[in-house]
Amino acid sequence: SANGSLFPTPSPVLPTPAAGNASECECHEWHYRIRAGLVQNVVSKWDLVCDSAWKVHIAKFSLLVGLIFGHLITGCIADWVGRRPILLFSVIFILIFGLTVALSVNVTMFSTLRFFEGFCLAGIVLSLYALRIELCPPGHRFMITMVASFIEMAGQFLMPGLAALCRDWQVLQAVIICPFLLMLLYWIIFPESLRWLMATQQFEAAKELILQFTRKNRMNTESDIKGVVPELEKELTRRPKKVCIVKVVGTRNLWKNIVVLCVNSLTGFGIHHCFAKSMMGHEAKMTITQNFYADYYTMAGIALASCLAMCPVVGFLGRRGGLLLFMILTALASLLQLGLLNLIGKYSQLPDSGMSDSVKDKFSTAFSIVGMFSSHAVGSLSVFFCAEITPTVIRGGGLGLVLASAGFGRLTAPIMELHNQKGYFLHHVIFACCTLICIICILLLPESKNQNLPENIPDGEHYTRQPLLPHKKGEQPLLLTNSELKDYSGLHDSAAVSDGISENTTANGMKSM
């Protein structure tokens with residue numbers, strides 16, 4: 001596979017030294033028996049075994065590091081130049097770098113191009129995520145995000161079959177990249193985010209976009225959008241006001257919310273690898289089913305079940321309640337796997353205990369499945385939550401931070417593999433401690449369900465931390481003060497009306513007094 005996740009492990013027929021370092025290997029020829037998917041991959045093409053086995057992990061590093069840098073850099077740029085230019089730039093260059101990867105002549109060229117491929121892929125993911133959030137009304141934001149997740153899941157389910165059809169990794173790489181050609185049409189289909197244009201005071205471009213919408217929808221500008229265009233014309237002389245994510249450092253609450261969600265994202269994606277390795281048997285390095293396709297679809301099925309479970313849970317408990325529930329499940333699965341299994345292991349050694357290693361393995365598999373299920377939901381929901389509570393003027397930078405944190409979490413997988421799973425237990429213990437810290441921090445987050453997106457940094461600061469349980473009838477909320485209410489006026493009223501929101505509705509969904 002081009003992305004390193006479908007590399008079947010080569011099986012050298014010639015023997016290698018049983019002891020000693022990999023540098024002592026005296027093999028000169030290898031014969032590979034690839035049991036699933038591709039007939040040839042990068043391991044068999046460039047003999048990345050024995051002394052060169054570490055280069056496989058570098059190839060995995062390069063894509064993930066490219067994703068991390070891409071999220072951080074393209075997120076900041078998207079707040080300055082817009083979402084559409086980043087999307088177009090990323091699509092064009094991922095076509096260039098992606099197709100060039102298929103023509104790599106050595107592993108160094110392959111890894112380098114994979115870095116730039118990951119960088120461009122990060123720009124596409126971030127810009128599309130921001131556009132989806134900003135184009136959708138409050139009641140449909142989560143549903144549309146879940147639809148995008150299900151489409152991503154469909155791609156994962158199709159990947160092994162596509163690899164079996166292509167047979168060669170270079171053909172597979174080209175087949176994967178070619179559909180990005182269709183994304184060039186996005187420049188025509190999708191407009192720039194009107195919400196971002198208004199928030200950054202680019203009123204000339206916003207006026208042209210509104211008039212373009214009215215012409216396409218055959219609307220009457222005098223009756224259907226009464227008052228919006230005159231208000232915009234009054235503000236045309238104002239200079240655009242663009243903000244960098246660095247400005248969040250001077251805030252009181254917003255930076256804490258973003259940091260909490262970044263830690264949640266890092267923990268969710270990082271501990272997911274611990275559960276996956278435990279389920280697949282990190283000690284014996286044996287898979288639970290001895291079948292590549294069964295293992296792959298087991299993990300993909302758990303991710304799909306997690307996405308399906310998120311829909312009713314978040315719909316009923318909200319963003320904060322759903323994130324808290326999944327984080328508690330992750331912490332319980334992790335602590336039980338670390339503590340209870342060690343206790344079972346001690347009792348299984350006693351002759352009269354009646355416990356065997358198979359009992360321990362079954363418990364480990366059960367806890368791993370629950371942990372993978374909940375940790376996937378934690379990571380995905382943290383990214384979505386951060387996109388909602390981050391103001392429009394810095395939403396690209398906020399998304400870049402939380403997605404980069406998710407990339408750091410994923411990066412732990414190839415790091416552990418590079419060290420031959422040494423320190424695996426300590427790695428799991430650290431992330432288990434992080435889940436406990438996250439449970440406490442989640443209680444400090446605001447609730448963004450059915451609320452308007454904050455447009456600027458003061459709006460983001462006015463998001464209130466409401467109690468998890470609803471107030472009783474007639475009871476006054478103690479955490480809400482008059483100073484936390486914001487009254488829209490002038491242009492903001494018009495922007496709120498254009499979003500289908502009443503004029504006296506604030507960014508936090510509360511009625512102004």
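Here the simple spin-label model places points 7 Å from the Cα toward Cβ, and for residue 143 and residue 305 these points are separated by 2.7 nm. Extending 7 Å from Cα along the Cβ direction at residue 186 and again at residue 106 yields two label points whose distance is 3.5 nm. Note on residue 211 and residue 297: the extension gain reaches 26.1 nm, defined as 0.36 nm multiplied by sequence separation minus the Cα-Cα distance. Averaging sequence separations of C-alpha pairs under 8 Å and six or more residues apart, then dividing by the length of segment 51-143, give the relative contact order as a whole percent. Here the relative contact order equals 43 percent. Checking the Cα-Cα distances for 207/247; 55/242; 247/449; 216/241 against a 31 Å cut-off, the pairs over it are 55/242.
No value in this document is a laboratory result; all are computed from the given coordinates. All figures in this text were calculated on a predicted structure; none of them were measured in a lab. Ideal geometry is used to build each Cβ from the backbone, glycine not excepted, and the neighbour counts take in all protein chains shown.
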